[in-house]
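**Student:** Here you go, one structure.
The values are calculated or read from the model by the stated rules, or taken from the named source; none is laboratory data. The structure displayed is predicted, hence computed values, not measured ones. Positions of Cβ are generated from backbone atoms using ideal geometry, with glycine treated the same way; all protein chains shown enter the neighbour counts. Only protein heavy atoms, including side chains, enter the accessible area calculation; ligands, DNA and RNA are left aside. Shrake-Rupley method; radii C 1.70, N 1.55, O 1.52, S 1.80 Å.
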Amino acid sequence: MEELHNIPIENWTETMVGTWLQSIGVKEQYIKKLHEEEVDGRILLQITEDYLRKETGMKSGPALLIITKRNELVKSVHKGQRQHDKAVHERTVQKSGQKRASSTNNDSTTSSPQKGELKQDSVMIQKTRRDSKPRPFGTSSVDFTYVQHNVLQPESGPIDLVTPCHEYKAFTDAATLDQQRLQAKLAKEVFKFATGCMNARSNGTIHFGVMDGQDSSCYVHGEIVGVPVRKKNLYADVLNLIDRSFSSTDTELVQQCIRPPEFIPLTHTDNEEERYVVEFDVVPSVSVVRNKMFGVRLPNFREESNKLEFEKETIFCRQGSRTQPTDANTFHRKLQSIDSQREAKEQEPELANPEVPQDLGRKLIMLVTSGKKIMEKEKWYILVTNRFSKEDLKNIDFLLNMNIFCVFDFDPDSKVSGLCHEYDKHHAVNVHFMQNYKIPSGMNVRDFESHLRLFEQTSWIFCNGRSDFKGNEPPCDELTWSKTRRTFLKDCVSLICKDILPKGTFLVMFLLTSPVETPLLNTFYEFFTDMEGHEDIICISESKENFQKWQNFALGSCSEQNVRDSSVVGMKMSHINATLLRIQTTTVRTAKLLPVHVKGECRLENREEEMMCSLEILSSNQCEDTKPEVITSQKEDIEREFYRGGKVTWMNFWLAEEKYVGDIIYRDAYKEVSNLLTDSLPWSPDQPHIHCINIYHQPGSGGSTVARQVLWNHRKKLRCAVVKPSYSVTTVSEHAVKLWQYEEKDPQKCLPVLLLIEDCDKEYIEDLKKELETAVWANKITRGTVCFILLSCRRSHDPEKTSRASPLQNVSVTHKLSDNEKRLFASKRQELEQQFSPEFILTFILMSEEFENVTIAGYVKKFVEHLLQDIDHASDVTKLICYVALLNTYVQNSFISQSHCEDLLGLSILIKHMDRFRQHTFEGSLSNQAKLIFIHLRDEKTQIQSIRIIHPLVAKEILHQLLKDKQQQQSDLALDLLNNDVLFDHRFGREDYLKFLRALFMRRYRISKGDKSDSLFSPLIEHVRNKESPDRAIELFKEAYKRFDKDPFFAQHIARLSYKHEKFEDAEYWADIATTKQPSNSYFLDTKGQVYRRWFLAKCKQIENDTKTPENTANVIETALKAIDCFEACQKAAVADTESMNNSGFFATVEVGCALLELISSLHVFSKQDDLSECVKYFVVKEHVPKEIEKPWEAFHHKLKTLQVVMQKSLEWISEELSYFQTDADEENSQNVELKIYNPKRWLVSKSSVYGKFFSSVPGQCQSDPAKLTPFSKRMIISSLGGGNITTIFAILDKKDKKNEEKEKRTGKKDKKAREKEKEAADILEEIISLYPKNPAGSKMDQVDIANYIASHFALSTASLRRSPNLAPFSDLRKLSHQFPHDRSKCLATALFLSMLLDWPEDHDTGSEKEKKYEAILSAVEYLQPVYSKKRKDIRFKSRRIYTHFFLGDGLGYDKFVHKSKIEKAKELPSVSEKRLRWLQGELFRAPEIAKMLKRVSGWTENEILYLDGPKSKKLPIQAMHDASMPHGNENVTFYLGFTFRGPVAYDIRVTD
């Protein structure tokens, strides 16, 4: 609090306001809310009680307390200030008669309120006063300004006759008068003062708008307040009254002495009306006034007569600080003497004080580099400037080499002919206006940065319009600017300083190249305020006049000494340019080179590189422009940082290549990747345009280094780049294509681009590949030419297993070293141990030991024990170590920003005053232990610094030992971290910190993401619930829920954790909270359903050994029905969601339904008979309710009787989904669903069987006579056999015996058991068909039954070794399909798909028959397409997962179609991923055994669309399954035809010769 008393309230930061609120007893929740609303000192002085209640939700009591205490604080400040001002005034009056210089260098600051009474709810802002100098006598006011509320030296009298005396007039009331009264008052004061000066023979200036001490209650003597000037000519025309106020003989002389008025504008920190100080200079030259005594008749406006009158003539003379009447005789006696004095003074030679030349060059270097004498690449610069002259524009090379974040440009013509125009020739610029720097609602800071590309390209902010812009952004005058754009400036500067760039990472440079106007001066004030001081603000100006105006304004905020120390004045732009170029490590003129197709090189222009901002482009001459002094000073640090565990950089490779440091080890995987890369480059007809190579590596095994080594060593042969994170696929693709074609004439002859993509999902890689294929296709590149190689580098816990799945694409990097690698690592370790201490190469030592558990565990334990000896457990640094260790242990790649650390360690205030030594201050504050274990990181994009522990194993051991010593649990530390307000509320790097903190509680382990295993909860929560207690884990989640603004995702996790530990009431409560907050979230609804499902199963288990009665099962059934209700709601939400696909509600409905059927059927009332017919009757007959259950189950009879329909709909939906899209056994399941179904097709077959068997139960007499079966019973029996839907029907073909399958692979022959399996499939299908009517065409079957009947025949034709006698003629099926609704919109997708197959023309059909069939096919496809689009939603990757059921074969009838299972059996592939790849790229069809099974059809391409050759009246478009195989232009082609629920698709498209 003591610090707050020394700082004016209006300069308080949000944190200071929070400290004050805490001191007066305001609750923490309100303090936090006001901090979030960015209430600083200025806003505190303006807020009202009404604002606090309405805008922040504060109760009346706390609001009244804040307002009352705020007013008391302001009054106490006012009282103390008035006492101080009174004492100052009294001392001033005492000294006013003494001679003194008109200016002084003393720097003093006073504060007092503006004039006016203190109001109840709001107060005026206190004004900071500083001493100020008057305008230099006799000079123009064009480049001069005053700062409102600064203070001039006291009024003075004649000193040496040449030094002017000064008189002040507030004139605040008179300035508001009408013209006559104003001019009368003004003339009276001017003529009286001028007469006194002329008679005293002394120069003088009278100032209007400066307090003269007559009202000292609110202002101090000499305080600059200004006056509003309506019309300047009203003041100038006052001199026209000279001829009426002076004698005719004196008039001309007086006119020569009194100069026209000067209007000096005031700069102020608020948006008040424009004010001026009006000054009249009096110059009584001896040649004009010699031997003259002047009398004046002062004008007065008489209210009685309402006219201007003149007083009797009076002789005035300046005596001390007053103008007094004097006696004529007395004056005459000294007239000759004062004329002589005046003449002597005028004849004295004007001796200017010789200026001591400053070393401006050194000063410039020290200011621009913050004392480091070399310009850092990591430092951001913000440039504030105005109009450049043509000569200055020739000397801006130093700006081109600086890391400029943004430019505040006040030149409206800059884009046409100014600095922006010249800069744009060398760098990419993003042109903005100040209003663009406003974050849209719902967007966070990081997204906003990406949206405006703030860290990729220089942001050019036009602050006063733009002359060439066709929109509505014209330049405007100063007054209009203050009214309309000042707020935009404030918001823009505040956003940059408070949310985007941390203090100390940037320097604000005011470059004054033309006369300075008020808007530019306001920019200084905004930066000064938001940066909390003048540190890191410098000013450069060649013109002293331009600087003078800027300085006068700056003096309103800081002392003259500070302004002088942070400014370089008088240096020409050419000298500035030459001086700064000398200290820049690199220059934009250095050519960055890329290889070209003809084995030469081309220059990569800096601007073009910046336009490809999503890529980190590796040039062929990378790092070669590094200056020798940089190499000498930094090479050891660069090498040590790498071997400590830092990420490898291009500089590491270059230094090793040039032998400045030792060699970097090449792991064996490097050769494997290089060989795959080499093999992929030569032309061949089957070579894809886009080639993918995957590196799977264990964390810490050097996979990323291997990938970058590949790029480094191919940079002169290929164009290489690293894809930066967080860019969209579209953007990356666009930039990659631009790099591919850059400076190449012929698209057919471009060097391939090698793109490194790190830690991205498969979907991202696939989407990027798809985009690049489209671009290659659009450029009509010849088949077989490689254009892009995507080198993906991903973490994997078991990389060898992943690599085996596709050995032609994948390479593994593990901790295990080969014999050759062991020798290399041992040799390198000896070399490094001689060069560095062991603690500085710990990560390398861990690698050389292969991360072998026992050895490494002992080594790390010993290292940490030694490290933590004598550590101060109570210090803030140790707390920081604990926090970082916790995050690094459980959250991959986590870190804490240095800015967060400084705040935690309490360094913010210290750094505020020592900003240029920020890094030294931070590092100096760390303990020896922290210095050894922390690695300092720097964000490659934002340059924001952060820290992490050298290795996760070290972090884990530190966490273990520190908590053990402190007898603390990990949950205690996690809770402490969660509730640490300093870290949570810190603004810079907040998104990253909150992301890591959230991941600590929420991110589960996923094998698919490279983790060791799948986990139910985050590793921290798993540790706490297993090692501590489930209750403690739930408590952690509850605290996180509150901390993250009651985020419903935390509520969902609490519900999950609660039901896992059978706390079902709690689980229900938290699931309700989640679904209430987001009622349309299908995953939340699924969780709620799972709560009831688990509860239902638990209740079933409780009564498992009891006799089940209707009474004791009622509550159990009710819970199951609640679960089904939730899952049905989940289904609706999932179908309505257009951006995701959540099938869990459908699966879970069936799961609960099957369990419920099992429970109910076990009751005595239903199980007393040998069959379940009574139970089935209860479910399907509406009126039938057994007496025993009528009363106990009264509340849910209706729901139970709909159970069969609900289950049927769910099974049908799942079947249709699986019919459309690929669903392989290893497909990654959604991270958000509770019920994992790892093989949906197999699951569907199983559950359909359970469902069918239950509902197919019939009385005993019916079982022996199928003719007595009802249609419903027959349908259920068919379902139990697997014939209930098209997916289960075709799944019968996939039934496999694993042992026989392996034997088949070895021998290539089917054994007896395999043939029996096929016979079994045929028998099942024959049994299914036998249950349908003997004459289906004459029976009235519904659409579903017809579709299943036809599908069963297609399946039987595939399964039959010999043609089955039960197989109906193909023509009969086609006739039967005509019973599908003629209105295609009423047809099921299955019906349309089967119609398409049945209508496919035969070779022997006549032309008219073919045409008629094609019309039917086109009609079916027309309706299949929109249904498919609706199913696919907006999920891009799903479009490539369309499932092809059949292919067109070379036969008739059934033989015309080849089921996919036959093709897969004919060509066995090692893994699902390999199989999918071969299918997608069409490689499978080149195998002879496949080609002979299928029939190629002909067609043509036209306007990028593929058509089938056949239909005459209307074209039949065919979708290409692999876009890269589509030819360019209009070509005749052949292809294989597949049949999907989307329509016909084409594989292996080839142009015909």
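**Student:** Using the scaling law 2.2 N^0.38 Å as the reference, what is the normalised Cα Rg of the stretch 153-220?
**Tutor:** So the Cα radius of gyration is 1.20 times the expected 2.2 N^0.38 Å.
**Student:** How large is the Kirkwood hydrodynamic radius of the stretch 363-413, counting all unique pairs of alpha carbons, in Å? Please report the intermediate quantities before stating the final value.
**Tutor:** Values: mean 1/r = 0.0810 Å⁻¹.
Computed over the stretch 363-413, the radius equals 12.3 Å.
**Student:** Can you run phi through the Karplus equation (6.51, -1.76, 1.60; θ = phi - 60°) for the stretch 1151-1162 and list ³J(HN,Hα) in whole Hz, with x for Gly and Pro?
**Tutor:** For the stretch 1151-1162, the Karplus curve yields 4, 5, x, 4, 5, 5, 4, 5, 5, 5, 5, 7 Hz.
**Student:** Against the 2.2 N^0.38 Å scaling, with N counting residues, where does the stretch 229-307 land? I'd like the Cα-based Rg ratio to two decimal places.
**Tutor:** Working: Rg = 16.4 Å, N = 79, 2.2 N^0.38 = 11.6 Å.
In units of the 2.2 N^0.38 Å rule of thumb, it is 1.42.
**Student:** Sticking with this one: For LYS232, which lysines qualify as cross-link partners when the Cα separation must be under 17 Å and same-chain residues fewer than eight apart are set aside?
**Tutor:** Candidates past the 8-residue exclusion: LYS185.
**Student:** Would you pull out the residues with amide H under 5 Å of ILE404's amide H, same chain only if 5 or more places away, H placed 1.01 Å from N?
**Tutor:** For ILE404, the qualifying residues are TYR381.
**Student:** Here is a further query. Kindly report the accessible area of the stretch 546-658 per residue (heavy atoms of protein chains, probe 1.4 Å, no ligands, DNA or RNA), in Å². Kindly include the intermediate steps, with their values, before the conclusion.
**Tutor:** On the way: 4620 Å² over 113 residues.
For the stretch 546-658, the per-residue accessible area is 41 Å².
**Student:** Can you tell me how the stretch 1108-1222 classifies by the Cα gyration tensor, rounded, prolate or oblate, using a/c under 1.5 as the rounded cut? It would help to have the intermediate numbers written out before the result.
**Tutor:** Details: a/c = 2.66, a/b = 2.03, b/c = 1.31.
Prolate, since a/c reaches 1.5 and a/b exceeds b/c.
**Student:** Of the listed peptides 731-741, 501-511, what is their order by residue-averaged count of other C-beta atoms within 10 Å, with the highest listed first?
**Tutor:** Working: 731-741: 20.5, 501-511: 22.6.
By packing density, highest mean first, the sequence is 501-511, 731-741.
**Student:** Contour minus end-to-end for SER1385 and THR1270, with contour as 0.36 nm per residue of separation and end-to-end as the Cα-Cα distance?
**Tutor:** Numbers: separation 115, 0.36 × 115 = 41.40 nm, distance 3.00 nm.
Between SER1385 and THR1270, full extension yields 38.4 nm more.
**Student:** So, for the stretch 1369-1454, what is the accessible surface per residue at a probe of 1.4 Å, expressed in square angstrom? Provide the component values of the computation, followed by the final result.
**Tutor:** On the way: 3870 Å² over 86 residues.
Value for the stretch 1369-1454: 45 Å² per residue.
**Student:** Please name which of LEU1373, LEU1397, LEU1356 has its Cα lying farthest along the dipole of the stretch 1356-1429 towards the positive end, using unit charges on Cβ (Lys, Arg +1; Asp, Glu -1) and the Cα centre as origin.
**Tutor:** LEU1356
**Student:** Once you have the Kirkwood Rh of the stretch 503-653 from its Cα pairs, apply Stokes-Einstein at 25 °C and 0.890 mPa s and quote D in µm²/s. Let's see the in-between values first.
**Tutor:** Working: Rh = 19.4 Å.
Here the translational diffusion coefficient equals 127 µm²/s.
**Student:** Please name which of LEU1331, GLY25, SER1498 has its Cα lying farthest along the dipole of the chain towards the positive end, using unit charges on Cβ (Lys, Arg +1; Asp, Glu -1) and the Cα centre as origin.
**Tutor:** Toward the positive end, the furthest listed residue is LEU1331.
**Student:** Ok, one more. If I fit a long axis through the Cα atoms of helix 853-867 and take the longest principal axis of the Cα atoms of the chain, what angle between them do I get, 0 to 90°, rounded to 10?
**Tutor:** Tilt relative to the chain: about 20 degrees.
**Student:** If you don't mind, another one. Estimate the FRET efficiency between LYS373 and ASP468 by the formula 1/(1 + (r/R0)^6), using the beta-carbon distance for r and 60 Å for R0, to the nearest 0.05. Before the final figure, lay out the partial values.
**Tutor:** Values: r = 40 Å, r/R0 = 0.67.
Computed FRET efficiency for LYS373 and ASP468: 0.90.
**Student:** Ok, one more. Can you compute the equivalent ellipsoid semi-axes for the chain, i.e. the square root of 5 times each eigenvalue of the Cα gyration tensor, sorted largest first and rounded to whole Å?
**Tutor:** Details: eigenvalues 1337, 297, 237 Å².
The equivalent ellipsoid of the chain has semi-axes of 82, 39, 34 Å.
**Student:** Structure shown: which of LYS1177/LYS1247; LYS33/LYS724; LYS1132/LYS1430; LYS659/LYS717; LYS1122/LYS1433; LYS1088/LYS1236 lie over 25 Å apart, alpha-carbon to alpha-carbon? All intermediate terms of the calculation are to be shown ahead of the outcome.
**Tutor:** Values: LYS1177/LYS1247 21 Å; LYS33/LYS724 36 Å; LYS1132/LYS1430 14 Å; LYS659/LYS717 22 Å; LYS1122/LYS1433 29 Å; LYS1088/LYS1236 16 Å.
Table pairs above 25 Å Cα-Cα are LYS33/LYS724; LYS1122/LYS1433.
**Student:** Moving on. Just how much of SER1339 is accessible, in Å², when a 1.4 Å probe is used and the result is rounded to the nearest 10?
**Tutor:** Solvent-accessible area, nearest 10 Å²: 30 Å².
**Student:** Give LYS770/LYS1077; LYS1201/LYS1386; LYS879/LYS1063 a once-over and call out the pairs whose C-alpha atoms are over 31 Å from each other.
**Tutor:** Where the Cα-Cα span goes over 31 Å, the pairs concerned are LYS770/LYS1077; LYS879/LYS1063.
**Student:** Angle check, please: helix 729-741 long axis (alpha carbons) against the longest principal axis of the chain (alpha carbons), in degrees 0 to 90, nearest 10.
**Tutor:** 80 degrees
**Student:** Under the rule of at least 5 residues apart or a separate chain, name every residue whose amide H is placed under 5 Å from the amide H of GLU1502.
**Tutor:** For GLU1502, whose amide H was placed from the backbone, the distant partners under 5 Å are TYR1507.
**Student:** With each label point set 7 Å from Cα along the Cα-Cβ vector, what nm distance links THR330 and HIS575?
**Tutor:** Each label point is offset 7 Å from its Cα along the Cβ direction, giving 5.4 nm.
**Student:** Over all directions, what mean area does the Cα convex hull of the stretch 1497-1553 project, stated in square nanometres? Before the final figure, lay out the partial values.
**Tutor:** Numbers: hull surface 15.4 nm².
That works out to 3.9 nm², a quarter of the Cα hull's surface.
**Student:** Please provide three numbers in whole Å: the alpha-carbon extents of the stretch 1175-1225 along the principal axes, with the largest listed first.
**Tutor:** The principal-axis extents, from largest down, are 48, 17, 16 Å.
**Student:** Where the only charges are on Cβ atoms (+1 Lys, Arg; -1 Asp, Glu), what is the dipole of the chain about its Cα centre, to the nearest 20 debye? Intermediate values should be presented prior to the final figure.
**Tutor:** Numbers: 218 positive and 222 negative charges, 565 e Å.
So the magnitude is around 2720 debye.
**Student:** Now for a different question. Kirkwood hydrodynamic radius, computed over distinct alpha-carbon pairs, for the stretch 275-353: how many Å, to one decimal? Write out the running numbers ahead of the final one.
**Tutor:** Values: mean 1/r = 0.0634 Å⁻¹.
With all distinct Cα pairs of the stretch 275-353 included, I get 15.8 Å.
**Student:** Multiply the residue separation of GLU1489 and ASN1335 by 0.36 nm, subtract the distance between their alpha-carbon atoms, and state the gained length in nm to one decimal. All intermediate terms of the calculation are to be shown ahead of the outcome.
**Tutor:** Working: separation 154, 0.36 × 154 = 55.44 nm, distance 3.91 nm.
Roughly 51.5 nm would be gained on extension.
**Student:** At q = 0.21 Å⁻¹, what is the log10 ratio I(q)/I(0) for the stretch 766-908, with the Debye formula run over Cα points and no solvent?
**Tutor:** -1.35
**Student:** Hey, another quick one. With runs of 4+ DSSP H residues as the only contributors, calculate the mean residue ellipticity of the chain at 222 nm using -39,500 (n - 2.57) per run, divided by the residue total and rounded to the nearest 500. Please list the in-between numbers first.
**Tutor:** Numbers: 70 runs with 736 residues, N = 1553.
The helix-only estimate for the chain comes to -14000 deg cm²/dmol at 222 nm.
**Student:** Please list, in order along the stretch 228-243, the HN-Hα scalar couplings obtained from phi with the Karplus expression 6.51 cos²θ - 1.76 cosθ + 1.60 (θ = phi - 60°), rounded to whole Hz, x for Gly and Pro.
**Tutor:** Using θ = phi - 60°, the values come out as x, 10, 6, 9, 5, 5, 4, 7, 5, 6, 4, 5, 5, 7, 4, 5 Hz.
**Student:** Pairing the Cα long axis of helix 544-554 with the longest principal axis of the chain, what angle in degrees results, from 0 to 90 and rounded to the nearest 10?
**Tutor:** Value to nearest ten degrees: 70.
**Student:** Of the cross-linked pairs LYS1182/LYS1209; LYS32/LYS75; LYS828/LYS966; LYS415/LYS544; LYS69/LYS438, which ones have a Cα-Cα span greater than 30 Å in the structure shown? Spell out each step's value before the answer.
**Tutor:** On the way: LYS1182/LYS1209 19 Å; LYS32/LYS75 26 Å; LYS828/LYS966 39 Å; LYS415/LYS544 27 Å; LYS69/LYS438 33 Å.
Listed pairs above 30 Å: LYS828/LYS966; LYS69/LYS438.
**Student:** Which whole-number percent gives the relative contact order of the chain, counting Cα pairs below 8 Å spaced six or more residues apart?
**Tutor:** Contact order relative to length: 5 percent.
**Student:** Return the Cα extents of the stretch 1016-1173 along principal axes one, two and three, sorted largest first, each rounded to a whole Å.
**Tutor:** Principal-axis extents of the Cα atoms in the stretch 1016-1173, largest first: 58, 41, 23 Å.
**Student:** For the stretch 701-780, just the Cα set please: Rg and Dmax, both in angstrom.
**Tutor:** Calculated on Cα positions, Rg and Dmax stand at 13.2, 42 Å.
**Student:** Show me the three semi-axes of the equivalent ellipsoid for the stretch 1091-1169, from the C-alpha gyration tensor (sqrt of 5 times each eigenvalue), largest first, rounded to whole Å. Don't skip to the end; give the middle numbers.
**Tutor:** Numbers: eigenvalues 174, 26, 16 Å².
Values for the stretch 1091-1169, descending: 30, 12, 9 Å.
**Student:** Okay, next question. Which of LEU772, GLN561, GLN945 sits farthest toward the positive end of the charge dipole of the chain, with +1 on the Cβ of Lys and Arg and -1 on the Cβ of Asp and Glu?
**Tutor:** Positive-most Cα among the choices belongs to LEU772.
**Student:** Could you work out, for the stretch 610-651, what percent of all Cα-Cα pairs fall into each 5 Å distance bin, beginning at 0 Å and stopping at the bin that holds the largest distance?
**Tutor:** 5, 18, 21, 21, 20, 12, 4
**Student:** Could you bin all the Cα-Cα distances of the stretch 1357-1419 into 5 Å bins starting at 0 and give me the percent of pairs in each, rounded to whole numbers?
**Tutor:** Result, from short to long distances: 3, 16, 23, 22, 17, 12, 5, 1 percent.
**Student:** Near LYS345, which lysines are there with a Cα under 26 Å away, not counting those fewer than 8 places off in the same chain?
**Tutor:** LYS95, LYS99, LYS133, LYS192, LYS292, LYS334
**Student:** Continuing with this model, one more query. For the stretch 512-582, report the % of Cα-Cα distances exceeding 22 Å. Working shown, then result.
**Tutor:** Values: 516 of 2485 pairs.
The share of Cα pairs beyond 22 Å in the stretch 512-582 comes to 21 percent.
**Student:** Also, I was wondering about something else. Provide LEU994, LEU580 ordered by accessible surface of protein heavy atoms (probe 1.4 Å), highest first. Spell out each step's value before the answer.
**Tutor:** On the way: LEU994 35, LEU580 0 Å².
Largest accessible area first, the residues go LEU994, LEU580.
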